[in-house]
Amino acid sequence: MSESLPVRCPACRRSHRYTVPAYPCVCGAPVAAPLDPDRVPAPVGQRSWPEEWVTVRCGSCGTHGEWPHPELGCPCGTVLRIPVTGERAEAPAGKEPGRPAVPAVPIRTARDAVTAAVLYLRRLGHDGIRRADQRPTSGIGLAGRGVLAQLDPSARHATPRDVECLWLTAMTESAACLYFSLSGYTAEARARADALGVPLFVLDPSGAARPENAPAVALDADAS
């Protein structure tokens with residue numbers, strides 16, 4: 001069971017009960033960041049990439065993973081960052097299912113989409129996912145060892161140019177690549193991705209990554 005903590009918003013003084021979300025480790029066990037009841041939650045001001053994540057050690061297999069830092073949104077508009085115990089926290093051991101669970105985070109914001117993409121990349125075996133050093137022509141770039149991904153959280157369909165730029169960047173970095181979109185792809189983009197062997201995925205509202213072409217189907221089958 002995930003840990004919960006009483007939280008009071010410092011802006012409006014409203015009381016909340018925060019329950020930390022659990023995410024599936026690559027071994028399949030649920031992992032939740034342990035909360036620190038002795039520290040006071042702080043309002044989130046200017047965001048930075050390192051502060052968006054917390055390192056948690058899975059209590060079942062010992063793997064260290066980067067997970068979204070716990071946050072609580074108050075109806076008054078204040079977003080509170082919930083303190084966790086230490087920078088490298090250890091989650092309690094959980095029940096381990098027979099196969100790794102499919103990561104799924106309901107997508108309501110662009111940040112949720114980034115989380116869903118990172119979880120899927122971890123399911124493929126890629127750890128240490130970070131913002132890509134080279135910003136893509138559109139959307140958000142994510143990078144790990146030997147892999148480059150592009151996420152487009154906008155309402156537009158990805159174009160052939162988007163696919164080609166991702167493929168070229170990956171080629172220069174000798175990395176595999178894949179594309180995530182919330183809204184899908186034009187027919188021309190699909191054809192170009194098929195020709196270049198770029199896996200295309202659509203993130204549905206539940207946070208699941210749905211393969212959209214043959215390279216993506218093959219990649220998803222290897223990860224199952």
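Observations on the model:
- Residue-averaged 222 nm ellipticity for the chain, from DSSP H runs of 4+ at -39500 (n - 2.57), nearest 500: -6500 deg cm²/dmol
- Average accessible surface for the chain: 50 Å² per residue, computed with a 1.4 Å probe over protein heavy atoms with every protein chain in place.
- Three-way shape label, the range 110-224, alpha-carbon gyration tensor, a/c 1.5: rounded
- Most mobile listed residue (SER181, SER60, SER15) in the chain, GNM with C-alpha springs under 10 Å: SER15
- Measure of compaction for the chain (Cα Rg per 2.2 N^0.38 Å): 1.07
- Computed extension length for ALA195-ARG156: 11.8 nm, one decimal, from 0.36 nm per residue of separation with the Cα-Cα distance subtracted.
- Simple rule: put +1 on each Lys or Arg Cβ and -1 on each Asp or Glu Cβ in the chain, find the dipole, and look at PRO136, ALA110, VAL202; the Cα lying farthest toward the positive end is ALA110.
- Taken over the range 132-196, the ratio of Cα radius of gyration to 2.2 N^0.38 Å equals 1.01.
- For a 4.7 Å threshold on C-beta separation, the list of partnerless cysteines in the chain reads CYS165, CYS177.
- Highest-fluctuation residue, ALA176, ALA214, ALA149 considered, GNM on the chain with Cα pairs under 10 Å: ALA214
- The dipole here belongs to the chain: it is taken about the Cα centre, uses +1 on the Cβ of Lys and Arg and -1 on the Cβ of Asp and Glu, and is about 600 debye.
- The chain, accessible surface, carbon-and-sulfur percent (1.4 angstrom probe): 52
The values are calculated or read from the model by the stated rules, or taken from the named source; none is laboratory data. Predicted, not measured: the structure shown is a model, and the values here were computed from it. Glycine also receives a Cβ, built like all others from the backbone with ideal geometry; neighbour counts cover every protein chain displayed. Accessible surface areas use protein heavy atoms only, side chains included; no ligands, DNA or RNA. Shrake-Rupley method; radii C 1.70, N 1.55, O 1.52, S 1.80 Å.
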